[in-house]
Amino acid sequence: MKMKRLISLMTASVLAVTLTACGGGGNTSGGGATSGGSTGGTSGTPTPAPSGDKVSLQLGFENSLSEPVGQAAQKWAELLDERSGGTMEIVLYPDSQLGDKSELIDSMLLGENVSTLADGAFYADYGVPDFGIVFGPFLFDNWEQCWTLIESDWYKEQCAQLEAKGLKLLASNWAYGARHTLTVAPVNTVDDLAGMKIRVPTNKIQSLGFDVLGASSTGMALGDVYQALQTKTIDGAENPLSTLYGRKLHEVAKYLILDGHVLNFTTWVCSNDWFNSLTEEQQGWLLETGKEAGVYNNEVQAEAEQEYLQLMKDEGVTVVDPTEEVLEGFRTKAMAFYERSSEFGWSDGLYDTVRAAMGA
């Protein structure tokens, strides 16, 4: 797919925060490099590794290489190889080749050299409950609020808690995209979701996020969704347009509502023990190139969205661009999610705390 590389407002926002929290803020852990990254990776010429000593990180993720995040993962591998003088490598395993998110995170907790894309909802399930709110429905009003949040003290505190649980965030400045809903029957308002079985990733945050809208959430690996839609085991799925199109889900579900229920920035996570086994210089290279690849990802993501939308229309998908009144109906129902914060073990007043941290 050929793209012009025009930078949208979303990308410009990210460029303004090139040092992101968790993958580039102020945390330290276990004597490792600061999360801003060692400056050792940007000065001098790296010494080539002796034969057999190359440091390898396996990136396992559900997406295909043709999606923006897949293209950016390849960019990250190229950047790290160049920055480290060939002493470090990233090996890509797209399309769930290494397993699903939960399996990969469990491997990280054993100290294995793997990394995957994951989000706050997953980190909530791994012992940092407040992190889950970033995946709450209709939390963010715009992308600028996302980038403000990842620079906040609140976000840095979540990073520190996650590291104490054994997981290290390498980068947080990757836009995964606005998440929309694709269904086998029309959805014109929130009321049309009533009783529909909608696939979500396997975590409680996203499950309840759709349940409060009236749907029946169904946790499922992304690789199983096409067949489930085809056989009407489920009635719909949600994801950014790049993923919906990249997985060809529009071939078996022909109705799309641009609800944007989550503005999904995503993170790359790895084992904290593995990360701390690296030298400070190696940590710096990994963090710096992860952020640079994130900027590249956001350029590709922003450019791709409209192209994917047009392709879906051209291939027979009926698209609903909801009015502000319709979206307000979604937001009103979504507030029930935040009223059930005790079910997630959230801190008192978390919704207000996070809204303030994002500058809302």
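The values are calculated or read from the model by the stated rules, or taken from the named source; none is laboratory data. This structure is a prediction, so every number in the text was calculated from the model and none was measured. All Cβ positions, even for glycine, are placed from backbone atoms using ideal geometry, and neighbour counts span all protein chains on display. Calculation scope for accessible area: heavy atoms of the full protein, side chains included, ligands and nucleic acids excluded. Shrake-Rupley method; radii C 1.70, N 1.55, O 1.52, S 1.80 Å.
Out of all the residues in the range 84-119, which are polar (S, T, N, Q), within 16 Å of residue 70 (Cα to Cα) and in contact (Cβ under 8 Å) with a residue 60 or more places away in the chain?
Across the range 84-119, the qualifying residues are 96, 115, 116.
Within the range 212-230, count every residue that is polar (S, T, N, Q) and loosely packed, with under 15 Cβ neighbours inside 10 Å.
Result for the range 212-230: 2.
Can you tell me which residues in the range 294-350 are among the small types (Gly, Ala, Ser) and closer than 30 Å to residue 128 by Cβ? Show your work before the answer.
Step one: of the range 294-350, the residues among the small types (Gly, Ala, Ser) are 294, 302, 304, 316, 329, 334, 336, 341-342, 345, 347, 349.
Listed by number, the residues that qualify are 294, 302, 334, 336, 341, 342, 345, 347, 349.
Here's the yes/no breakdown for (1) at pLDDT below 95; (2) open to solvent by less than 30 Å² (accessible area, probe 1.4 Å); (3) charged (D, E, K, R):
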position: 60; (1), (2), (3): no, yes, no
position: 69; (1), (2), (3): yes, yes, no
position: 73; (1), (2), (3): no, yes, no
position: 91; (1), (2), (3): no, no, no
position: 97; (1), (2), (3): no, no, no
position: 102; (1), (2), (3): yes, no, no
position: 119; (1), (2), (3): yes, yes, yes
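Residue-by-condition table, conditions (1) under 17 Å from residue 118 (Cβ atoms); (2) in a helix (DSSP H, G or I):
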{"residue": "223", "(1), (2)": "yes, yes"}
{"residue": "228", "(1), (2)": "no, yes"}
{"residue": "244", "(1), (2)": "no, yes"}
{"residue": "258", "(1), (2)": "no, no"}
{"residue": "261", "(1), (2)": "no, no"}
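Provide a single number: the residues in the range 194-209 that are in contact with a strand residue (DSSP E or B) (Cβ under 8 Å, 6 or more places away or on another chain) and either in contact (Cβ under 8 Å) with a residue 40 or more places away in the chain or open to solvent by 10 Å² or more (accessible area, probe 1.4 Å) (or both).
Total meeting the criteria: 11.
Table: residues versus (1) modelled with pLDDT under 95; (2) over 30 Å from residue 58 (Cβ atoms).
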site	(1), (2)
253	no, yes
288	no, no
305	yes, no
311	no, yes
323	no, yes
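In the range 320-346, what residues are loosely packed, with under 14 Cβ neighbours inside 10 Å, outside any helix (DSSP H, G or I) and not basic (Lys, Arg)?
321, 323, 339, 345
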